[in-house]
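The values are calculated or read from the model by the stated rules, or taken from the named source; none is laboratory data. Since this is a predicted model, take the numbers as computed values, not measurements. Positions of Cβ are backbone-derived with ideal geometry, glycine not excepted, and every protein chain shown enters the neighbour counts. When the accessible area is computed, the model is the full protein with side chains, heavy atoms only, and any ligands, DNA or RNA have been set aside. Shrake-Rupley method; radii C 1.70, N 1.55, O 1.52, S 1.80 Å.
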Protein chains: 2
Amino acid sequence: MTIKLYCMGESGNAYKAALALELAGLDWAPVHVDFFGGETRTPEFRKINVMGEVPVMIDGDLTLTQSGVMQMHITEKTGKFGGKDAAEAREVLRWMFWDNHKLSSPAGMTRFLMNFLAADKRPAEVIAFQQGRLKAAYQTLDMHLEGRDWIVGDGLTNADMSCCSYLFYPEPFGFDRKDWSNIDRWLSHIEAVPGWKHPYDLMPGSPADRA
Amino acid sequence: MTIKLYCMGESGNAYKAALALELAGLDWAPVHVDFFGGETRTPEFRKINVMGEVPVMIDGDLTLTQSGVMQMHITEKTGKFGGKDAAEAREVLRWMFWDNHKLSSPAGMTRFLMNFLAADKRPAEVIAFQQGRLKAAYQTLDMHLEGRDWIVGDGLTNADMSCCSYLFYPEPFGFDRKDWSNIDRWLSHIEAVPGWKHPYDLMPGSPADRA
């Protein structure tokens, strides 16, 4: 049965699950959610996910929310992307938690504030503050990637697909991969994985639709 | 062998691991980290944890970072707090990710800005913005706890110990449990668990030390 992923191209969190589905070779299809029209905050959507967020994954009888849970579910189904032993599995999970806390959370927010809010509603002090936090996160990731091709072990894992998600987007939010040589090299490795797709090519919905 | 937890009482993220260790009945001891003196950002500390964060757990040969990874390690060791079947385990993990992303991340930051920065350095616009995000998180959690005693299933899990962590602190950051009746009731259930301790009673270090 085809796995459904409620998502939109603009969501880096949805991308984490979509990329894992795609690269695992699973049978899946995206269902576009009209986030910008307020769909995720409707009572109907809250019945599917009380958190009022995408992505949501429907796999047969299972309804999953939180991209990290979906990534681990894909690992359970396919044996892929979870690390090759218990030590790697812990390390993968470690970077997934770190990403949710320190990287994707401020990156998604800052990109939203700088690009998807009306120009006269963008809170300058908040944006500057979040960019400072993000810079500390880029430093941590770049330091970790020194001498490494992948975040954990010698191949692509959920840690990479979690941490990379917002870093592929073209909209400005204070990240330029040319400033971070190890991150830049690592992103190139991910892009070179057979079957890799950019978020706007993998899921429906992009700023171009609203232009 | 005694498990060591590098921590300080002020850290809600450290509390998640400390509370799980304590309530699981494991042999553990805190090691105080001088966060306010800058210890977590030193090169020496970065060698233990490149992320420059507490908590860090040393269990024999294992060094773990990220509270969520520690909580899952304690579950593996003891069979406790992880949910009673695969469906509950996914649900526990779901709320742990949500907490890291949407609750603990802004709560810890806002509490820091409002209480641990010099009064003339507190960024008012950032604080107001973060309090708005937090309010949305309290709403989600309160809605989920309607008619429930625990976040998942019928007893204490890592989901509760993750989401509750910053909500027990006395310093103001825009949370008053009296405003959220379901959260308030749920926090009372956690406080009533035999062996429960407040963060400042469980770990060394509190604002009183620096007064």
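Key figures for this structure:
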{"quantity": "Filter pass, residue A:141 being within 19 Å of residue A:199 (Cβ to Cβ), touching a residue at least 12 places away in the same chain (Cβ under 8 Å), open to solvent by less than 10 Å² (accessible area, probe 1.4 Å) and touching a Cys at 6+ places or on another chain (Cβ under 7 Å)", "calculated": "yes"}
{"quantity": "Test: residue B:160 is over 22 Å from residue B:75 (Cβ atoms) and either at pLDDT 95 or above or not in a helix (DSSP H, G or I) (or both)", "calculated": "no"}
{"quantity": "Selected residue [at pLDDT below 95 and more than 19 Å from residue B:1 (Cα to Cα)] from B:33, B:69, B:50, B:92", "calculated": "B:50"}
{"quantity": "Which numbered condition residue B:36 misses (of (1) surrounded by 18 or more Cβ atoms within 10 Å (Cβ to Cβ); (2) out of contact with any strand residue (DSSP E or B) (no Cβ under 9 Å at 6 or more places or on another chain); (3) of a type in the set (Phe, Trp, Tyr))", "calculated": "(1)"}
{"quantity": "Filter pass, residue A:190 being open to solvent by less than 20 Å² (accessible area, probe 1.4 Å), within 26 Å of residue A:122 (Cβ to Cβ), hydrophobic (A, V, I, L, M, F, W, C) and in a helix (DSSP H, G or I)", "calculated": "no"}
{"quantity": "Checking residue B:205 against (1) part of a loop (DSSP other than H, G, I, E, B); (2) over 22 Å from residue B:9 (Cα atoms), the condition it does not meet", "calculated": "(2)"}
{"quantity": "In the range A:32-44, the residues that are polar (S, T, N, Q) and within 13 Å of chain B (Cβ to nearest Cβ)", "calculated": "A:40"}
{"quantity": "Residue ID - most open to solvent (accessible area, probe 1.4 Å), chosen from residues in the range A:64-86 that are under 22 Å from residue A:101 (Cα atoms) and touching a Gly at 6+ places or on another chain (Cβ under 8 Å)", "calculated": "A:72"}
{"quantity": "Hits in the range B:5-28 - residues which are surrounded by 17 or more Cβ atoms within 10 Å (Cβ to Cβ) and assigned to a loop (DSSP other than H, G, I, E, B)", "calculated": "B:8, B:9, B:10, B:11, B:24"}
{"quantity": "Out of A:2, A:42, sole residue that is open to solvent by 50 Å² or more (accessible area, probe 1.4 Å), farther than 17 Å from residue A:164 by Cα and of a type in the set (Val, Ile, Thr)", "calculated": "A:2"}
{"quantity": "Condition met for residue B:148 (within 13 Å of another protein chain (Cβ to nearest Cβ), open to solvent by 60 Å² or more (accessible area, probe 1.4 Å) and either without any contact (Cβ under 8 Å) to a residue 60 or more places away in the chain or not in a loop (DSSP other than H, G, I, E, B) (or both))", "calculated": "yes"}
{"quantity": "Whichever residue in the range A:45-63 is open to solvent by 60 Å² or more (accessible area, probe 1.4 Å) and in contact (Cβ under 8 Å) with a residue 12 or more places away in the chain and, among such residues, is nearest to the other protein chains (Cβ to nearest Cβ)", "calculated": "A:63"}
{"quantity": "Selection from the range B:11-44 of residues that are closer than 25 Å to residue A:137 by Cα and acidic (Asp, Glu)", "calculated": "B:34, B:39, B:44"}
{"quantity": "Residue in the range A:114-134 that is farthest from residue A:164 (Cα to Cα), counting only those that are open to solvent by less than 20 Å² (accessible area, probe 1.4 Å) and at the interface with chain B (Cβ under 9 Å from one of its Cβ atoms)", "calculated": "A:126"}
{"quantity": "All positions within the range B:64-100 that are facing another protein chain (nearest Cβ under 8 Å) and outside any helix (DSSP H, G or I)", "calculated": "B:64, B:65, B:66"}
{"quantity": "Verdict on residue B:66 being of a type outside the set (Ser, Thr, Tyr), free of Cβ contacts under 8 Å to residues at least 24 places away in the same chain and touching a Lys or Arg at 6+ places or on another chain (Cβ under 7 Å)", "calculated": "yes"}
{"quantity": "Count - residues of the range B:87-106 that are open to solvent by less than 10 Å² (accessible area, probe 1.4 Å) and within 13 Å of the chain's Cα centre (by Cα)", "calculated": "10"}
